[in-house]
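First up is the structure itself, then whatever we jot down about it.
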Amino acid sequence: MRAMVIDKYGKRPVREAQVAIPEINDNDVRVKIKAASVNPIDYKIRDGKLKPLLKFKFPLILGNDFSGVVTAVGANVRDYQVGDKVFGRPSKDNIGTFAEFIAIDKDEIAHMPRNLSFEEAASIPLVGLTAYQALNEVMQLQPGSRVLIQAGSGGVGTFSIQLAKTMGLEVATTVSDRGVELVKELGADQIINYKEQDFSQILSHYDGVFDTLGGQNLDKAFHILKRGGTVASISGMPTEKVAQQMNLGRMKQWMFRLASRKLTKKAKQTETHYEFLFMHPSGKQLTEIKRLIEDGKIQPVVDRVFNFEETQGALEYSEEGHAKGKVVIRTNT
Ligand SMILES: NC(=O)c1ccc[n+]([C@@H]2O[C@H](COP(=O)([O-])OP(=O)(O)OC[C@H]3O[C@@H](n4cnc5c(N)ncnc54)[C@H](OP(=O)(O)O)[C@@H]3O)[C@@H](O)[C@H]2O)c1
């Protein structure tokens, strides 16, 4: 099958290769991929930036989520049949969706929302699960809570704003001029133009901050929280807890405790919490997301669709960092 691979870490273009169609185990389905989305993790993996957290073998097929059609099912699979349309995010040991097929555990997929095209459905799994886990599992926000969602016009941001509104949250978000109209349509209650205003001078007594930016924006986040509030970061420094959850050795756990000390100290000083989230696959949560989409409560936001041959261009476009919503690759036509 055709696949877009890298042969080693570094800022080199992806290469199209012919690789074997993956075999399935008893708990797997094989999916003919119709579309995949680009996520910043794709070029972070390519550059070797996630080496402390993730181990890969080369040649490595890039790509972290997809939509497609089931072409084979393992002996233990009951909920899926050949011909079903599905979408999913594979586990960290089984990435590789910039390809014609993937073999994936049945628990990491869900039936595709009936009202979406393959391109739209492929835009959802990674960002949808990230938003779901940050707002529900990490921050555990309740109706009426106030949350700041950083970078509201990005892939994670566009989904998170909509999900937060379905949860009855009051949402502030940061965007540049180019994102204002979009986040207004998605339901944001307060919009801060980060090029002109400093959110930490405007917001206070928030229950949560969903930090998608890291750096100074993360440092400042603690100051807008009420006592007991939580910063959930997906771009800051991972914590010892995350290293434990990912079964990294004691040495790495200690390294991450040390590296995140500044942030955990800041949380203690401000009587708030700091949590890093490394999102995990979940077919069950994707099924809940599917329902929200079919009920019309959440809509995909797709900025651009590229053809499979243009995968390198799609990665470069995403890496520029200005996409409004998601960048998608059409795999099979
Ligand atoms: N830990 C995890 O499990 C996990 C999961 C998903 C994502 N992530 C990480 O989360 C980050 C965001 O992912 P994404 O998919 O949303 O990225 P993305 O779609 O590439 O984000 C691009 C958007 O960010 C906006 N932006 C850039 N700088 C900004 C700033 N200072 N303030 C407000 N908005 C800003 C851009 O708008 P303008 O160009 O108009 O400014 C653009 O619309 C990435 O670093 C990704 O790796 C981590």
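Some notes on this structure:
- Counting the residues of region 72-94 that are within 21 Å of Asn307 (Cβ to Cβ) and under 18 Å from the mean Cα position of the chain (by Cα) gives 1.
- Residue in region 139-149 that is within 8 Å of the ligand (Cβ to nearest atom) and not in a strand (DSSP E or B) present: no
- When region 235-255 is filtered for residues that are in contact (Cβ under 8 Å) with a residue 40 or more places away in the chain and either open to solvent by 40 Å² or more (accessible area, probe 1.4 Å) or not small (Gly, Ala, Ser) (or both), the ones remaining, listed by number, are Pro238, Met246, Leu248, Lys252, Met255.
- Among residues of region 288-312, those that are farther than 30 Å from Met167 by Cα and within 15 Å of the ligand (Cβ to nearest atom), counted: 1
- For the residues Thr270, Thr264, Thr287, the requirement of being more than 29 Å from Gly128 (Cα to Cα), open to solvent by less than 100 Å² (accessible area, probe 1.4 Å) and in contact with a strand residue (DSSP E or B) (Cβ under 8 Å, 6 or more places away or on another chain) singles out Thr270.
- Contacts under 9 angstrom Cβ, first residue in region 8-33 being open to solvent by 90 Å² or more (accessible area, probe 1.4 Å), partner acidic (Asp, Glu), 6 or more apart: Lys11/Asp47; Arg15/Asp7; Asn25/Asp105
Residue-wise test of (1) within 25 Å of Arg89 (Cα to Cα); (2) part of a helix (DSSP H, G or I).
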residue	(1), (2)
Phe256	no, yes
Lys262	no, yes
Glu275	yes, no
His280	yes, no
Lys284	yes, yes
Thr287	yes, yes
Leu292	yes, yes
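- Matching option when the condition is small (Gly, Ala, Ser) and assigned by TED's automatic domain parsing to the domain that holds Gly154, among Ser260, Ser318: Ser260
- Considering region 13-44, and only residues there that are away from the ligand (no atom under 12 Å from the Cβ), of a type outside the set (A, V, I, L, M, F, W, C) and part of a loop (DSSP other than H, G, I, E, B), the residue that is nearest to the chain's Cα centre (by Cα) turns out to be Pro13.
- Residue ranges of strands (runs of 3 or more DSSP E) in region 45-137 with at least 2 members under 16 Å from Ser282 (Cβ atoms) and β-branched (Val, Ile, Thr): none
- Number of positions in region 90-124 that are on the phi > 0 side of the Ramachandran plot and surrounded by fewer than 21 Cβ atoms within 10 Å (Cβ to Cβ): 0
- Within region 299-327, the residues that satisfy the criterion of being open to solvent by 50 Å² or more (accessible area, probe 1.4 Å), more than 14 Å from Gly155 (Cβ to Cβ) and not in a strand (DSSP E or B) are Glu309, Glu310, Glu316.
The values are calculated or read from the model by the stated rules, or taken from the named source; none is laboratory data. Because the structure is a prediction, the values reported are computed rather than measured. Cβ: placed from backbone, ideal geometry, glycine included. Neighbour counts: every protein chain shown. SASA here: full protein model, heavy atoms, side chains in, ligands and nucleic acids out. Shrake-Rupley method; radii C 1.70, N 1.55, O 1.52, S 1.80 Å.
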